[in-house]
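A.B. asks: Submitted below is the structure of interest, expressed as structure tokens.
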Amino acid sequence: MARMSIDDKFLRDPRVTRLAEALGWSRYEARGRLLDVFAVCYDLETDIITPEDANAAADEARLADAMLSVGLADLDEDGIRVHGAAERIEYLAKKAEAGRKGGVKSGETRRKKCEAKRSSASPKLEEVGNPPDPVPDVVPDPVPDQIPDPPPARAIPPVVAEPDAQQAAQPEPLPPPTRLPVAWSGPPDHQAVAARAVVRKEILAALEAARERVSKALGKAYRPLPAQDQAERVLAARIVEAGNLAAIRDELLHVVEMAALEAEHKTKSLQWLTGAAFSDGNYRRFAAGDEADFARSDPRGPDIAAIRATPDEMDTARAVLEQLSEGSSKGPAPIVWRVDDGHAAIVVQRLREIEAVRPGYGHAELCAVAAVACDELEGKDRTRKLLTPGFVFGPAKFAELLTMARATYEANIEERTAERAAERRKAAP
């Protein structure tokens, strides 16, 4: 190709900004490296290249995977299809062909003009080139003087069609790009890309649910995240950089819960319960903290008083919190959860939800949920901070843990439910 032309919309493409954030680059560096990838497509005259060639062109082993995640490329059976390259290749091919035809036509026109000038100048050249006839001397010499040869007619150089300016500037074909020694584990796995998208949507849904819950708690009107919020692109970057998808999912859910607690109990505002929770400073703070750092601590238990819990409900809350405290005690920094610290309200709320659907099963099923949470997080120092009432019984995790508890402890739930029913019958007058 003679040159590489880039549309000005490339400078404003939000996918380039998301790519830069995913790979830790500036927008300018991301554009420059993408131009190297486009150049490979133009040289090969195809918009489908291997992930290795794309990574080698940009000197970045994660580029192909990141381009797929932000929508700058699609998977193809022969590699990845780079968006926008096909149109530019077709456009440049048409321009090159037009330039070639224009050069040939221009050469023919100049050749005809030169031939016309040469034919009209030939008689004058002969007239100027022939000398006058010689006049002999009175006494002729034995050997007459040599008549000098007429000066040779000036030769007209052959007309050579000059190449068109566009053709003259055409460089030699470039050799195939050299593959740089970058670490590449193979072509991107489309299943992994889809799994990351599922996790990203789940976290965004959890964030929206937390905003709605905090809005109700604060008595404010619920408003969804604005369309230009940074949550989606920051989440995409964190998920791509994470090595363990399951671990980053749990950590992101914990960050959402801690941000919601801070918004409800400290800032009393939804202003920061947005994608700002995933920015570097806030993310480290929420990921390293626990419920005690962000939730309101009130020994009088105003939340319990507000919902007017019954003695049976308080007994269930106390048993569940003791079970969570026991699981937390196996970590390096045990935490004891008490009903008078304001943590029983969410347990009582979940108890009432279950009793409304399955009367009599609430106590046993909540204890089974606590057991499942302890089984999942027990002994994992990095995730032990997730063993909190707000996370276990919060909107992001409770439904999943309840399903697991019913499948794992079905027989135990039935047995405990029957025992409590018998105890109640005996205690009844």
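The values are calculated or read from the model by the stated rules, or taken from the named source; none is laboratory data. This is a predicted model, so every value here is computed, not measured. Here the Cβ is made from the backbone with ideal geometry for all residues, glycine too, and neighbour counts use every protein chain on show.
A.B. asks: If the Cβ limit is 8 Å and pairs must be 6+ apart or interchain, which residue in the stretch 307-318 that is in the same structural domain as Ala371 (by TED's automatic domain parsing) pairs with which residue that is polar (S, T, N, Q) and outside any helix (DSSP H, G or I)?
C.D. replies: Every condition considered, no pair remains.
A.B. asks: Provide a single number: the residues in the stretch 319-337 that are modelled with pLDDT under 70 and crowded, with 16+ Cβ neighbours inside 10 Å.
C.D. replies: Total meeting the criteria: 3.
A.B. asks: If we keep just the residues of the stretch 61-80 that are among the charged types (D, E, K, R), surrounded by fewer than 17 Cβ atoms within 10 Å (Cβ to Cβ) and in contact (Cβ under 8 Å) with a residue 24 or more places away in the chain, which is nearest to Pro14 (Cα to Cα)? It would help to see each step written out before you state the result.
C.D. replies: Of the stretch 61-80, the ones among the charged types (D, E, K, R) are 62, 65, 74, 76-78.
Now drop any that are not surrounded by fewer than 17 Cβ atoms within 10 Å (Cβ to Cβ), which leaves 74, 76-78.
Pick out the ones that are also in contact (Cβ under 8 Å) with a residue 24 or more places away in the chain and you get 76, 78.
Working: Asp76: 23, Asp78: 27 Å.
Going through the qualifying residues, I end up with Asp76.
A.B. asks: Report whether or not Arg233 is modelled with pLDDT of 85 or more, in the same structural domain as Val198 (by TED's automatic domain parsing) and under 28 Å from Leu19 (Cα atoms).
C.D. replies: So Arg233 does not fit the description; no.
A.B. asks: If I ask for residues that are in a helix (DSSP H, G or I) and surrounded by fewer than 19 Cβ atoms within 10 Å (Cβ to Cβ), which ones from the stretch 34-54 would you list?
C.D. replies: Residues of the stretch 34-54 in a helix (DSSP H, G or I): 34-44, 51-54.
Once the filter is applied, which keeps residues that are in a helix (DSSP H, G or I) and surrounded by fewer than 19 Cβ atoms within 10 Å (Cβ to Cβ), the stretch 34-54 yields Leu35, Asp36, Ala39, Asp43, Leu44, Glu52.
A.B. asks: While we're on this one: Of all helices (runs of 4 or more DSSP H) completely enclosed by the stretch 345-429, which ones contain at least 3 residues that are modelled with pLDDT of 85 or more and out of contact with any Ser or Thr (no Cβ under 6 Å at 6 or more places or on another chain)? Explain how you work it out, then say what you get.
C.D. replies: Numbers: elements: 362-377, 389-392, 398-408, 410-427.
Once the helices (runs of 4 or more DSSP H) in the stretch 345-429 are filtered for at least 3 residues that are modelled with pLDDT of 85 or more and out of contact with any Ser or Thr (no Cβ under 6 Å at 6 or more places or on another chain), what remains is 362-377, 398-408, 410-427.
A.B. asks: Return the residues of the stretch 209-234 that are basic (Lys, Arg), assigned to a helix (DSSP H, G or I) and in contact (Cβ under 8 Å) with a residue 12 or more places away in the chain; say none if nothing qualifies. It would help to see each step written out before you state the result.
C.D. replies: Keep residues of the stretch 209-234 that are basic (Lys, Arg), which gives 211, 213, 216, 220, 223, 233.
Now drop any that are not assigned to a helix (DSSP H, G or I), which leaves 211, 213, 216, 233.
Residues satisfying the conditions are Arg211, Arg213, Arg233.
A.B. asks: Restricting attention to the stretch 83-119, report how many residues are at pLDDT 75 or above, touching a Phe, Trp or Tyr at 6+ places or on another chain (Cβ under 9 Å), part of a helix (DSSP H, G or I) and not charged (D, E, K, R).
C.D. replies: Matching residues across the stretch 83-119 total 2.
A.B. asks: Let me ask something else about it. Restricting attention to the stretch 266-279, report how many residues are out of contact with any Pro (no Cβ under 9 Å at 6 or more places or on another chain) and either modelled with pLDDT of 80 or more or surrounded by 18 or more Cβ atoms within 10 Å (Cβ to Cβ) (or both).
C.D. replies: 7
A.B. asks: Kindly evaluate Asp340 against the criterion of being assigned to a helix (DSSP H, G or I), surrounded by fewer than 17 Cβ atoms within 10 Å (Cβ to Cβ) and at pLDDT below 85.
C.D. replies: Criteria met by Asp340.
A.B. asks: If I ask for residues that are in contact with a helix residue (DSSP H, G or I) (Cβ under 7 Å, 6 or more places away or on another chain), part of a helix (DSSP H, G or I) and farther than 11 Å from Ile80 by Cα, which ones from the stretch 55-67 would you list?
C.D. replies: Across the stretch 55-67, the qualifying residues are Asn55, Ala57, Ala58, Leu63, Ala66.
A.B. asks: Additional query: I'd like the residue in the stretch 266-285 that is closer than 18 Å to Arg200 by Cβ and not in a helix (DSSP H, G or I) and, out of all such residues, is farthest from the chain's Cα centre (by Cα).
C.D. replies: That would be Leu273.
A.B. asks: If only one of Ala206, Ala263, Ala237 is in contact with a Ser or Thr (Cβ under 7 Å, 6 or more places away or on another chain) and part of a helix (DSSP H, G or I), which one is it? First the steps, then the outcome.
C.D. replies: On the way: Ala206 fails: in contact with a Ser or Thr (Cβ under 7 Å, 6 or more places away or on another chain); Ala237 fails: in contact with a Ser or Thr (Cβ under 7 Å, 6 or more places away or on another chain).
None of the others qualify; the one that does is Ala263.
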